[in-house]
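Below you'll find the structure, written out as structure tokens, and then a few comments.
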Amino acid sequence: MKTSDILNKTKELFPYIATELFEEQQGRVYVCSDHFLNVLVYLRNSSFVHLANIFAIDWIEEKEFELNYNLWSYDHNSSIIVKVRIPREKPEIPTVLDLWEHGQVYEQEIHEFFGIEFAGNPDLSPLFLHNWKEIPPMRKDFDTEEYSKRAFDVGEREGAK
Amino acid sequence: MLNEIEQNRKERQSAWEYVINYFRKRSIWLLHYCTGCGAVELPPVMTSRWDLERFGVGPMATPRQADVFLVTGYASIKTLKRMIRTYEQMPKPRWVIGFGACTINGGIYYKSYNVINKLDRYIPVDIFISGCMPRPEAILAALEELRNMIQRGEAKGYDRYVKNYDWYKKNQKEILEREGSLFGEADDENK
Ligand code: SF4
């Protein structure tokens, strides 16, 4: 089946979503956070069994986070990205662990770097950062340069004579 | 002229030290700690093209038997922790080569939130190689210079570490075990 047909069929089933054919083999699905699990379950059952990635985008001006679920179907050789937007204030979204177990790592990472809560995920402990005390570093309002200056670029080497 | 050199030498080190240094500089075991991208320049340096062996320098697998600690590039905070542990495992005399711009001032990772900027604040570096990344010739030149420094008794990073132990530990702690945010409360409210 072509990606465009898959998108049309999904749209028929879920009239409240928006779809877009991005490239011949890549489609995009825009859906709100209340319904995104339904769409994911449907896509998974129609051969999109591979969750390649989850990634987040910080749309700071629109005060929203966008979560992208990158799915791949081996049967149709096509990829679909499911895009969900959630508010920046108290960001929370249901976990997809029940559908894809390996989503654990992605969710842990996103929680660490964006501070998004995944409701239902039992383990959101830090993975990469060491002793992190600031707001999550991938948020757009985190000033990495200023942080680097204050943390690492302090003082001269005068002590080491 | 020769007398003068001899005189200078005597002021700095005894004949015994001179002999020891002479042998030390001729059998250097490198611990190449490949933290960053600069590490890709090491295989050509060690293999037949530039052949490090002819200077009596060879790679060593464990810090407990190594003489020179080669930090090849940027070090993230987690790496720094391992680096300090590695460095402290090495027997004295031990030397550190900072390899590339990243170890000097952060290089292109200056603005990064998880990469340290000045390696010299956390472990004592004897010699830096500039460049991003340094060519094999630069690495050989640095080793040559380090050998000369060892012979002259100038490469004393390990002494510096002992003498300024508190200062180094304080800096390490600042990064590894900091309590509280670097941005004050007022900053937090804006966010
Ligand atoms: S100095 Fe350049 S080559 Fe070396 S680690 Fe830094 S960025 Fe990489």
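The values are calculated or read from the model by the stated rules, or taken from the named source; none is laboratory data. Just so it is clear, the structure is predicted and the values come from calculations on it, not from any experiment. Here the Cβ is made from the backbone with ideal geometry for all residues, glycine too, and neighbour counts use every protein chain on show. Remember, those area values only see protein heavy atoms, side chains included, never the ligands or the DNA or RNA. Shrake-Rupley method; radii C 1.70, N 1.55, O 1.52, S 1.80 Å.
Here are some notes:
- Build a GNM of chain B with springs between Cα atoms under 10 Å apart, and of B:A141, B:A101, B:A39 the one that fluctuates most is B:A141.
- Relative contact order, percent, the stretch A:50-121 [alpha-carbon distance under 8 Å, six or more residues apart]: 28
- Dipole magnitude of the stretch B:103-191, debye to nearest 20 (Cβ charges: Lys/Arg +1, Asp/Glu -1, about Cα centre): 320
- Only Lys, Arg (+1) and Asp, Glu (-1) charged, at Cβ; chain B dipole about Cα centre in debye: 480
- Rounded D (µm²/s) - the protein assembly as shown, Kirkwood Rh over Cα pairs, Stokes-Einstein at 25 °C, 0.890 mPa s: 102
- Structure remark: mean-square fluctuation, Gaussian network model of chain B, C-alpha springs under 10 Å; the largest value among B:E53, B:E174, B:E145 belongs to B:E174.
- In this Cβ point-charge picture (+1 for Lys and Arg, -1 for Asp and Glu), the protein assembly as shown has a dipole of about 1840 debye about its Cα centre.
- Alpha-carbon centroids, the stretch B:7-46 and the stretch B:87-154: separation in whole Å: 13
- Helix A:103-114 and the long axis of chain A differ in direction by around 50°, with both axes built from C-alpha atoms.
- Across the alpha-carbon set of the stretch B:25-177, the Rg to Rh ratio works out to 0.94, Rh being the Kirkwood radius.
- Solvent-accessible area of B:C102 with every protein chain in place, 1.4 Å probe, in Å² to the nearest 10: 20
- When the Cα gyration tensor is reduced to axis lengths a ≥ b ≥ c, the ratio a/c is 1.5 or higher for the stretch B:119-188, and with a/b not above b/c it is classed as oblate.
- Length-normalised contact order for chain A - Cα pairs under 8 Å, 6+ apart - percent: 16
- Nearest-ten-degree value, helix B:15-24 long axis tilted from longest Cα axis of chain B: 70
- Other residues lying with their Cβ under 12 Å from the Cβ of A:F22 contribute a combined charge of -1, Lys and Arg counting +1, Asp and Glu -1.
- Only Cα pairs under 8 Å and 6+ residues apart enter the sum, and on that basis the relative contact order of the stretch B:25-177 stands at 23 percent.
- Dipole of the protein assembly as shown [Lys/Arg +1, Asp/Glu -1 at C-beta], most positive-end residue of A:W59, B:H32, B:I150: B:I150
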